[in-house]
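Written below as structure tokens is the structure these notes are about.
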Amino acid sequence: MISAAAELARAPLPRPRDPKLRHMADALRVLAMDAVEQAKSGHPGMPMGMADIATVLFTKYLRFDPQRPDWPDRDRFILSNGHGSMLLYGLLHLTGYPDMTMAELEHFRQLGSRTAGHPERGHASGIEVTTGPLGQGLGNSVGMALAERMLAAEFGKDIVDHYTYVFCGDGCLMEGISHEALSLAGHLRLAKLVVLYDDNAISIDGPTELAVSDDQVMRFRAHGWDAERIDGHDTDAIAAAIERAQQSDRPSLIACRTVIAFGAPTKAGTAAAHGAALGADEIKGARQRLGWNYPPFVIPDDIRAAWREAGARGAAARQAWEARLQALPADKRAEFERRQRRALPQGFDQAIAEICAGFRKADARIATRQASGTVLDTLTKIVPELVGGSADLTPSNNTKAKELKEVRPGDYSGRYIHYGVREHGMAAAMNGIAAHGGLIPYGGTFLTFSDYCRPSIRLSAFSKLGTVYVMTHDSIGLGEDGPTHQPVEHLAALRAIPGLYVYRPADPVETAECWALALHRRDAPSLLALTRQALPLLRRDASSENRSAQGAYVLAEAEGARQVTLIATGSEVSMAMAARELLAKDGIRAAVVSMPCWELFDAAPEDYRRKVLGTAPMVAVEAAVEFGWERWIGRHGAFVGMHGFGASAPGEKLFPHFGITAEKVAEAARSLL
Ligand SMILES: Cc1ncc(C[n+]2csc(CCOP(=O)(O)OP(=O)(O)O)c2C)c(N)n1
């Protein structure tokens with residue numbers, strides 16, 4: 001099938017009127033084409049198609065300084081169609097980011113290079129977020145643009161006033177997450193968000209008409225965006241559209257009609273150019289068609305100088321910004337700088353200790369979701385960068401601290417975000433907020449719906465973002481909503497994500513401790529699994545030591561030499577305590593280990609772990625599937641928990657129904673002796 005785009009590709013090349021811009025764009029094209037060829041893998045089509053757009057944006061509009069890549073008020077640039085990574089690497093190299101050398105480009109996609117297959121946050125400066133799973137960057141950009149507005153409301157526009165620009169392709173816009181992201185951005189009127197869409201009508205399978213017939217411009221407008229369509233190879237049109245977008249009072253879509261692999265003689269406009277090296281002949285033909293007569297990885301001095309000049313544009317603005325920061329009142333400046341360092345405010349640990357003391361004094365039976373709400377009432381007061389939210393369900397997951405005002409369209413002075421019923425969009429936006437810096441995002445939903453945002457949770461972990469997930473209704477204990485809402489495999493699935501800290505606190509004191517650990521850890525995400533049902537206070541010891549910090553600890557030692565160790569998490573810890581009593585009546589000496597966080601316990605010193613687990617037989621109890629528990633209890637341990645999906649009934653009826661009771665735990669213990 002020859003698409004309209006393919007026909008267009010064979011017509012004489014429409015070139016920018018300005019020869020300098022043309023050569024600069026062609027430098028990006030050949031770098032992409034040659035790096036992919038060298039790697040024998042990668043995606044040359046998108047960078048060649050979007051080169052003109054990138055050139056206009058980076059030479060005229062994007063405010064950045066390669067010498068200070070982390071300048072807090074830089075414009076953010078997100079490559080949501082991350083398969084076109086060579087476009088970003090080329091831009092970073094040519095504009096003069098010191099860590100993006102030509103050698104890195106020559107080692108595109110090789111082990112240890114900064115130029116990974118898809119852009120990875122942390123690999124090189126200038127990579128704002130990890131992209132590759134389509135649509136995620138778009139989701140992140142909503143959080144970035146929102147963080148900008150919220151910080152501007154707090155610190156003033158002299159200090160925070162930047163745009164967020166996104167490149168995305170057909171793939172990003174076909175993904176479901178795009179719906180949530182666009183809808184949220186439109187609702188919040190995030191006017192400084194500008195999406196440049198690579199409207200090339202091609203994806204891997206061929207012309208996009210095989211699978212989609214959305215009118216993207218109309219779609220964005222329906223979401224409350226400004227949207228227009230332009231020729232993505234007409235540099236004047238690109239510039240004019242960006243200027244219009246900058247002036248808009250809404251987020252803006254610029255749908256840029258482009259030809260994938262622009263310049264390639266036979267593959268331009270076809271899916272063949274999407275994700276494979278073009279081959280020597282095609283590359284030779286493209287060089288001829290573009291009029292580019294230089295060998296691979298050679299950029300002539302004048303073109304390099306022009307790109308360097310584009311990279312140097314932002315230095316003056318950055319210096320002026322630094323002067324404005326210096327001119328702030330000392331306390332405001334110190335606060336801004338503390339946030340940038342990602343340091344928690346002084347007095348944080350003291351506040352946690354006081355919250356724990358309050359819980360001990362109250363000695364109330366409360367759900368850990370409620371305890372979490374109480375913790376947040378205090379923490380949001382003393383940690384001003386803590387911004388909350390929930391994917392609806394706010395009254396259920398206790399995420400809205402008493403004093404938090406909501407963020408509203410056009411009024412970003414609040415700190416609570418009603419993400420709506422958009423779990424995936426929420427998680428991706430939170431990653432964007434975390435990556436932006438200056439704010440710590442937390443957001444809630446039911447644990448069972450972690451599946452709806454799992455791709456973004458994985459990216460939080462992978463990108464080392466300190467996003468905090470508050471996931472309540474964490475077991476069959478939630479009761480009547482039934483098995484659709486009762487997570488069983490979710491804890492195991494979440495624990496399987498490397499770098500994610502999954503906390504399941506057993507009582508209010510542990511809940512506060514887990515919150516403290518989550519907020520201290522600024523380079524990894526945390527997830528708190530919290531109960532709907534009330535639990536007794538277990539931690540009566542007056543010490544201010546955070547006992548959850550090692551991941552597990554002996555809550556109640558056996559009276560005398562241990563015969564069995566009962567390990568539990570969350571709501572099942574009190575059950576283990578009751579089982580210990582039952583066993584004591586039979587003269588069996590059992591210890592109870594509370595294990596709020598596997599990942600921390602895994603990282604604890606070996607001798608500590610050995611001491612906690614002991615050498616006696618072990619019984620684990622958790623109202624979830626067994627998957628993974630053998631890691632702690634070994635092949636000979638016993639497990640009391642779920643072996644299938646839950647059921648619809650009051651929670652207190654379900655525990656006996658599924659055989660998760662103190663009696664069953666005691667029985668399992670006896671069977672091991
Ligand atoms: C979530 C997700 N699904 C699938 C892929 C694999 N994939 C990479 S690029 C691509 C096609 C994207 O099409 P488009 O955005 O039009 O890119 P273009 O062909 O224009 O470069 C697909 C399906 C992915 N990266 N992420």
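The values are calculated or read from the model by the stated rules, or taken from the named source; none is laboratory data. Note that the structure is predicted; figures quoted are calculated from it, not measured. Glycine gets a Cβ as well: all are built from the backbone with ideal geometry, and neighbour counts include every protein chain shown.
Below are the figures for this structure:
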| quantity | calculated |
| --- | --- |
| Sole residue being surrounded by 16 or more Cβ atoms within 10 Å (Cβ to Cβ), more than 22 Å from Pro617 (Cβ to Cβ) and modelled with pLDDT of 95 or more, chosen from Ala568, Ala549, Ala556, Ala576 | Ala549 |
| Residue identified as within 26 Å of His93 (Cβ to Cβ) and crowded, with 16+ Cβ neighbours inside 10 Å among Ala276, Ala280, Ala227, Ala255 | Ala276 |
| Residues of region 22-69 that turn out to be under 18 Å from Gly285 (Cβ atoms) and touching a strand residue (DSSP E or B) at 6+ places or on another chain (Cβ under 9 Å), as a count | 2 |
| Restricting region 398-426 to residues that are in contact with a Phe, Trp or Tyr (Cβ under 9 Å, 6 or more places away or on another chain) and within 18 Å of Trp515 (Cα to Cα), the residue that is surrounded by the most Cβ atoms within 10 Å (Cβ to Cβ) | Thr399 |
| Count of residues meeting criterion [outside any helix (DSSP H, G or I) and buried (at least 18 other Cβ atoms within 10 Å of the Cβ)] in region 16-62 | 5 |
| Filter result for Ala604 (under 32 Å from the mean Cα position of the chain (by Cα) and crowded, with 21+ Cβ neighbours inside 10 Å) | no |
| Candidate set from region 159-182 (those that are away from the ligand (no atom under 16 Å from the Cβ) and among the aromatic types (Phe, Trp, Tyr)); member that is farthest from Ile202 (Cα to Cα) | Tyr163 |
| Within region 298-392, helices (runs of 4 or more DSSP H) holding 1 or more residues that are touching a strand residue (DSSP E or B) at 6+ places or on another chain (Cβ under 8 Å) | 368-382 |
| Residues being surrounded by fewer than 24 Cβ atoms within 10 Å (Cβ to Cβ) and either within 16 Å of the ligand (Cβ to nearest atom) or in a loop (DSSP other than H, G, I, E, B) (or both) - total across region 183-198 | 3 |
| Restricting region 398-418 to residues that are in contact with a helix residue (DSSP H, G or I) (Cβ under 6 Å, 6 or more places away or on another chain) and in contact (Cβ under 8 Å) with a residue 40 or more places away in the chain, the residue that is farthest from Thr467 (Cα to Cα) | Pro409 |
| Exclusive hit being closer than 20 Å to His83 by Cα and surrounded by fewer than 16 Cβ atoms within 10 Å (Cβ to Cβ), set Asp249, Asp205 | Asp205 |
| Criterion (farther than 25 Å from Ala435 by Cβ and not β-branched (Val, Ile, Thr)) met by exactly one of Ala334, Ala371, Ala315, Ala343 | Ala371 |
| First in region 647-673 and touching a residue at least 24 places away in the same chain (Cβ under 8 Å), second anywhere and assigned to a loop (DSSP other than H, G, I, E, B) and of a type in the set (Lys, Arg), Cβ under 9 Å, 6 or more apart | Gly651/Arg532 |
| Test: Glu385 is at pLDDT 95 or above, closer than 25 Å to Arg342 by Cα and surrounded by fewer than 19 Cβ atoms within 10 Å (Cβ to Cβ) | no |
| Matching residues, region 264-281, being within 16 Å of the ligand (Cβ to nearest atom), more than 22 Å from Asp231 (Cβ to Cβ) and not in a loop (DSSP other than H, G, I, E, B) | Ala272 |
| Condition broken by Met430, with the remaining ones in (1) farther than 29 Å from Asp70 by Cβ; (2) surrounded by 24 or more Cβ atoms within 10 Å (Cβ to Cβ) satisfied | (1) |
| Any hit, region 516-523, residues being in contact (Cβ under 8 Å) with a residue 40 or more places away in the chain and touching a Pro at 6+ places or on another chain (Cβ under 8 Å) | no |
| Search result, residues across region 103-119 that are loosely packed, with under 15 Cβ neighbours inside 10 Å and aliphatic (A, V, I, L, M) | Ala103, Leu111 |
| Qualifying positions in region 648-664 - among the aliphatic types (A, V, I, L, M) and surrounded by fewer than 15 Cβ atoms within 10 Å (Cβ to Cβ) | Ala649 |
| Whichever residue in region 119-138 is more than 9 Å from the ligand (Cβ to nearest atom) and either assigned to a helix (DSSP H, G or I) or without any contact (Cβ under 8 Å) to a residue 40 or more places away in the chain (or both) and, among such residues, is nearest to the chain's Cα centre (by Cα) | Gly137 |
| Condition broken by Thr394, with the remaining ones in (1) farther than 16 Å from Leu478 by Cβ; (2) touching a residue at least 60 places away in the same chain (Cβ under 8 Å); (3) under 24 Å from the mean Cα position of the chain (by Cα) satisfied | (2) |
| Unique residue being of a type outside the set (Lys, Arg), within 26 Å of His179 (Cα to Cα) and crowded, with 24+ Cβ neighbours inside 10 Å when the list is Leu491, Leu535, Leu527 | Leu527 |
| Checking Ala261 against (1) within 16 Å of the ligand (Cβ to nearest atom); (2) of a type in the set (A, V, I, L, M); (3) under 30 Å from the mean Cα position of the chain (by Cα), the condition it does not meet | (3) |
| Extreme residue, nearest to Phe167 (Cα to Cα), among residues of region 9-54 that are touching a Ser or Thr at 6+ places or on another chain (Cβ under 6 Å) and aliphatic (A, V, I, L, M) | Ala25 |
| Some residue of region 568-577 being touching a Pro at 6+ places or on another chain (Cβ under 7 Å), in a loop (DSSP other than H, G, I, E, B) and under 24 Å from Gly659 (Cβ atoms) | yes |
| Region 200-216: number of residues that are within 27 Å of Gly432 (Cα to Cα) and either within 9 Å of the ligand (Cβ to nearest atom) or among the small types (Gly, Ala, Ser) (or both) | 2 |
| Wholly enclosed strands (runs of 3 or more DSSP E) of region 443-561 bearing at least 3 residues more than 16 Å from the ligand (Cβ to nearest atom) and within 19 Å of the chain's Cα centre (by Cα) | 468-472, 501-503, 526-529 |
| Matching residues in region 290-310 - criterion: being over 23 Å from Glu104 (Cβ atoms) and surrounded by 17 or more Cβ atoms within 10 Å (Cβ to Cβ) | Leu290 |
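Conditions (1) within 16 Å of the ligand (Cβ to nearest atom); (2) more than 23 Å from Glu322 (Cβ to Cβ); (3) assigned to a loop (DSSP other than H, G, I, E, B); (4) modelled with pLDDT of 95 or more, marked per residue:
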site: Asp65; (1), (2), (3), (4): no, no, yes, yes
site: Leu87; (1), (2), (3), (4): yes, yes, no, yes
site: Leu92; (1), (2), (3), (4): no, no, no, yes
site: Ala103; (1), (2), (3), (4): no, yes, no, yes
site: Arg109; (1), (2), (3), (4): yes, yes, yes, yes
site: Ala116; (1), (2), (3), (4): yes, yes, yes, yes
site: Ala152; (1), (2), (3), (4): no, no, no, yes
site: Lys157; (1), (2), (3), (4): no, no, yes, yes
